[in-house]
Amino acid sequence: MSRLGNLGARLYQGEVGYDFVGKRMLWYGVSILITITAVVALAVQGLNMGIEFKGGAVFTTPKADVSVSQATEAAEAVSDHIPIVQELGTGGLRIQISGVDTAEADRVQKDLAQELNIPAEQINADLVGPSWGEQIANKAWTGLAVFMLLVVVYLAIAFEWRMAVAALVALIHDITITVGIYSLVGFEVTVGTVIGLLTILGYSLYDTVVVFDSLKEGQKGITKQTRFTYSEIANRSINSTLVRSINTTVVALLPVAGLLFIGGGFLGAGMLNDISLSLFVGLAAGAYSSIFIATPLVADLKERDPQIKALKKRVLAKRAAAEAKGETGQDEADEQDGPADLAPAEAAAAGAVVGPRGRGRGRPSGRRR
């Protein structure tokens, strides 16, 4: 078995673990700091909206002896706007200029033809109105609202309302961070960006539901025992699914990283940048929130319940009593689990005989004294 597999088995069995829930105030602070940075970036810099949302013109040229950098300088000089130039597979160029109306597009087309030494009639000009981008944005907002509503309803039914609230907070956390990164980096927001943002919602929710399902199984009959608090059971759920969450996140991030750094960085594919950046940031933020935000928040909400509060008091009181007797509270068996699971002194008091497993509990050995 590999080291990671061995670690996963030990985490699942509770032999080792990290106190994620116990340090939740630290994770909350980190998330709040990142979220505030993202909100400030959005308020100060805003988003670099693409041509689909601002309107503009797209000029397509035939194959010519003009580099991308030369075409970029020429387009910026004739339009007074920062263009986006991409080389097409045919050898031609696609020059995208935002904020250009019909009258200005005709002038830019003629000036580009002169600067690039290409006949004006061979340059194809397409105008893009901002209304189409607005329709896409409105549909995206509608889809996002419907998705979150369905998520809350489903999780409230399948699990409980506290988990639904925590998952909703985690989703908002992931979207805010992703959009804030777009503002900080200055990447153009296109339709591909919207697609990427909507895609990461499913990935983010998947990791969260995996942990919630483990927590749901672990909390069965929780009030009938005095060995673990709810926060400790939540922490064990995170640790038991930690390696699985890491594996699925890394496997999902690797191809997205290839799109972002190779396809977008080296090949200069703009659309790949638009989609891959939102996916990359969203997947990483989703994995983070499922471990450090969603489950600790469920523990916070759950421990406000009177029964869970009373359970915590009983657990702590039992441990304090055990420590006073020189015993360890964690090593004591649950008094509700039966005499076989009790510590030797408690088992004897309950009438059980502590000995080899071959003998039944409380049965005589068969030997006469």
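The values are calculated or read from the model by the stated rules, or taken from the named source; none is laboratory data. Since this is a predicted model, take the numbers as computed values, not measurements. Note that we place each Cβ from the backbone using ideal geometry, even for glycine, and neighbour counts take in every protein chain shown. With ligands, DNA and RNA removed, areas are computed over all heavy atoms of the protein, side chains included. Shrake-Rupley method; radii C 1.70, N 1.55, O 1.52, S 1.80 Å.
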Item to check | Boolean, VAL85 is over 23 Å from THR190 (Cα atoms), within 34 Å of the chain's Cα centre (by Cα) and outside any loop (DSSP other than H, G, I, E, B) | outcome: no
Checklist entry - What pairs come up if the first residue lies in segment 50-61 and is under 14 Å from VAL108 (Cβ atoms), the second is in a strand (DSSP E or B) and not aliphatic (A, V, I, L, M), and their beta carbons are under 6 Å apart, counting only those six or more places apart or on different chains? => result ILE51/GLN96; ILE51/SER98; GLY56/SER98; VAL58/GLN96; VAL58/ASP126; THR60/ARG94; THR60/ASN124
Checklist entry - Hey, among the residues in segment 177-206 that are in a helix (DSSP H, G or I) and among the hydroxyl-bearing types (Ser, Thr, Tyr), which one's nearest to GLN96 (Cα to Cα)? => result THR193
Item to check | Lone qualifier among ALA113, ALA125, ALA57, ALA43 - being among the small types (Gly, Ala, Ser), within 30 Å of TYR182 (Cα to Cα) and either open to solvent by 70 Å² or more (accessible area, probe 1.4 Å) or in a helix (DSSP H, G or I) (or both) | outcome: ALA43
Checklist entry - So, in segment 88-110, of the ones that are within 12 Å of LEU127 (Cα to Cα) and open to solvent by 70 Å² or more (accessible area, probe 1.4 Å), which residue ends up nearest to the chain's Cα centre (by Cα)? => result ASP101
Checklist entry - All but one of (1) modelled with pLDDT of 90 or more; (2) open to solvent by 80 Å² or more (accessible area, probe 1.4 Å) hold for SER289; which doesn't? => result (2)
Item to check | Positions within segment 180-206 being under 24 Å from THR248 (Cα atoms), open to solvent by 30 Å² or more (accessible area, probe 1.4 Å) and touching a residue at least 40 places away in the same chain (Cβ under 8 Å), in sequence order | outcome: ILE181, ILE195, LEU197, LEU198, THR199, TYR203, LEU205, TYR206
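Going through segment 143-158 one residue at a time, which ones are in contact (Cβ under 8 Å) with a residue 12 or more places away in the chain, more than 13 Å from LEU205 (Cβ to Cβ) and among the aliphatic types (A, V, I, L, M)?
Residues of segment 143-158 in contact (Cβ under 8 Å) with a residue 12 or more places away in the chain: 143-144, 147-148, 151-152, 155.
Now restrict to residues that are more than 13 Å from LEU205 (Cβ to Cβ): 143.
Selection gives nothing.
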Checklist outcome for this item: By residue number, the members of segment 207-250 that are among the charged types (D, E, K, R) and either part of a helix (DSSP H, G or I) or in contact (Cβ under 8 Å) with a residue 12 or more places away in the chain (or both) are ASP207, ASP213, LYS216, GLU217, LYS224, ARG227, GLU232, ARG236, ARG244
Item to check | segment 222-254: number of residues that are within 17 Å of the chain's Cα centre (by Cα) and hydrophobic (A, V, I, L, M, F, W, C) | outcome: 9
